[in-house]
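The structure under discussion appears below in the form of structure tokens.
The values are calculated or read from the model by the stated rules, or taken from the named source; none is laboratory data. None of these values were measured; they are calculated from a predicted model. Heads up, the Cβs are rebuilt from the backbone with ideal geometry, glycines too, and the neighbour counts pull from every protein chain shown. SASA here: full protein model, heavy atoms, side chains in, ligands and nucleic acids out. Shrake-Rupley method; radii C 1.70, N 1.55, O 1.52, S 1.80 Å.
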Amino acid sequence: MRPQGVALLGATGSIGASTLAVIGRHPERFVLRAITAHSSAPALASLAARWAPAFVGLVSTAPTASAQAEWTRGPEALIAAATRADVDVVVNAVVGAAGLDATLAALRAGKRVALANKESLVVGGALVLEAARAGGGTIIPVDSEHSAILQCLHPRGAAAVRRLIITASGGPFRQWESARIATATREDALKHPTWSMGAKITVDSASLANKALEVIEAHHLFGVPYDRIEVVVHPQSVVHSMVEFHDGSVVAQLGVPSMELPVLYALSHPERLADAGVPRYDPVASGALTFEAVRRREFPMLDLGISAGRRGGAAPAVFNAANEAAVAAFLTGRCAFGRIAEVVGAALDRLGDAPHATRDALMAADAAARTFVEEQL
Ligand code: NAD
Ligand code: MG
């Protein structure tokens, strides 16, 4: 079998590193054709030297000594990488709504998209599904919960599903009181108990905004209505999610918390590749698996995000953009942790019914939400 050509968008990030580790173990199956990064030119240059892909793209156009003359520069680099003729699979590991256009372009070009960039589906759900229909592309989730659900559903799909149960680690503030959460520092929020990830998703995991994004993502990916998607806290991050079927049977997917597992599955689905690089699960050594209810009052971002999903239209895009802006401000010391939910809630009140029929309308709602949050801070 000819190896699959892979474009890796966001190659210098956390999912980027997991993807390169998986590809490196399966050179007979995957060949890296294109890599992109936002602004970390030195890191991109060392990946380019190590992997020698045909295409290297750097989104930032700021002058840098590390960039090579043959690199493609600017935001168009993402779409150029995602639509290349020698690319079969696009791993979208960009963070934030900045990943949307590449997802749309890849699907319209008929590619398989291994989607880590959940924000694509949150912001542009209907447009993304339409792009896949129009171009014949397919979306395979990389997010561990959605990979778990896909594996539980395979091969029969979502027809006999009664309920999706998405697990959440609970993050570093799982047992904290509200007042302490409200004044949590950057260092506190970046101390994730079970997963090592980029800064934005780590903060989202601390506020549970990430779980709201994942509920919306699951709604679009599997076509399951919101009242049949539940969230449960599972501190060990071993059960990655569960599916309850109409007959009452519940199927769960387990594995150690390593993103290499869902990346590998997204690249090989519906096959399974033998892989000795992913850590093995030892049920006895791993010990007790526990579950508890989400403390919804202490983590208001969860219900804010889910209600934005239910409201539909521009609301999920506004929720996402306001959250991105507030998290960026939190990470640079301009916004208290407790303020994140306040400004995101205010942005939804103000802008949640903005026009949403096209990509440009959604991006206008996204921009308005970011401006609104900056004004509030
Ligand atoms: P990260 O911050 O480690 O890496 C982000 C990558 O995207 C970098 O290569 C960066 O150069 C690039 N990038 C950033 N802004 C960009 C922009 N505006 N335009 C183009 N490229 C840009 O993030 P990550 O943790 O790897 O997460 C990436 C995506 O995967 C996010 O959507 C996240 O929610 C999702 N995800 C991550 C994990 C994880 O374990 N890290 C798990 C599940 C889902
Ligand atoms: Mg996840």
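Hey, THR61 hits all of (1) more than 29 Å from ALA276 (Cβ to Cβ); (2) surrounded by 22 or more Cβ atoms within 10 Å (Cβ to Cβ) but one; which does it fall short on?
Exception for THR61: condition (2).
On the given criteria, is TYR265 assigned to a helix (DSSP H, G or I) and farther than 30 Å from ARG370 by Cα?
Yes; evaluated as a whole, the condition is true for this residue.
Which ones in the range 185-230 are of a type in the set (A, V, I, L, M, F, W, C), open to solvent by less than 10 Å² (accessible area, probe 1.4 Å) and farther than 13 Å from GLY305 by Cβ?
ALA189, VAL203, ALA206, VAL224
Only one of ALA102, ALA17 is within 11 Å of ligand 1 (Cβ to nearest atom), under 23 Å from SER144 (Cβ atoms), free of Cβ contacts under 8 Å to residues at least 60 places away in the same chain and assigned to a helix (DSSP H, G or I). Can you tell me which?
Selected residue: ALA17, the only one of ALA102, ALA17 that is within 11 Å of ligand 1 (Cβ to nearest atom), under 23 Å from SER144 (Cβ atoms), free of Cβ contacts under 8 Å to residues at least 60 places away in the same chain and assigned to a helix (DSSP H, G or I).
Could you check, for the range 59-69, whether at least one of its residues is away from ligand 2 (no atom under 16 Å from the Cβ), touching a Leu at 6+ places or on another chain (Cβ under 9 Å) and under 27 Å from ALA317 (Cβ atoms)?
yes
Inside the range 26-50, can you point out the residues that are surrounded by fewer than 18 Cβ atoms within 10 Å (Cβ to Cβ) and either over 20 Å from SER196 (Cα atoms) or of a type outside the set (Gly, Ala, Ser) (or both)?
PRO27, GLU28, ARG29, SER39, PRO42, SER46, ALA49, ARG50
Applying the selection to the range 237-259, what residues are in a loop (DSSP other than H, G, I, E, B), crowded, with 17+ Cβ neighbours inside 10 Å and polar (S, T, N, Q)?
Once the filter is applied, which keeps residues that are in a loop (DSSP other than H, G, I, E, B), crowded, with 17+ Cβ neighbours inside 10 Å and polar (S, T, N, Q), the range 237-259 yields SER237, SER258.
Which residues, taken from the range 75-97, are touching a Leu at 6+ places or on another chain (Cβ under 8 Å) and within 11 Å of ligand 1 (Cβ to nearest atom)?
Matches in the range 75-97: ALA77, LEU78, ALA81, VAL91, ASN92, ALA93, VAL94.
Which of (1) in a loop (DSSP other than H, G, I, E, B); (2) under 21 Å from the mean Cα position of the chain (by Cα); (3) farther than 28 Å from PHE319 by Cα does VAL22 not meet, given it meets every other one?
Checking VAL22 against (1) in a loop (DSSP other than H, G, I, E, B); (2) under 21 Å from the mean Cα position of the chain (by Cα); (3) farther than 28 Å from PHE319 by Cα, the one that fails is (1).
If I filter the range 144-168 down to residues being in contact with a Pro (Cβ under 7 Å, 6 or more places away or on another chain) and within 16 Å of ASN117 (Cα to Cα), which single residue comes out as farthest from ligand 1 (Cβ to nearest atom)?
SER147
I need the helices (runs of 4 or more DSSP H) fully contained in the range 111-184, keeping only those with at least 1 residues that are within 16 Å of ligand 2 (Cβ to nearest atom).
118-135, 144-153
So, in the range 20-37, of the ones that are of a type in the set (Gly, Ala, Ser) and closer than 17 Å to VAL278 by Cβ, which residue ends up farthest from ligand 1 (Cβ to nearest atom)?
Among those that are of a type in the set (Gly, Ala, Ser) and closer than 17 Å to VAL278 by Cβ, it is GLY24.
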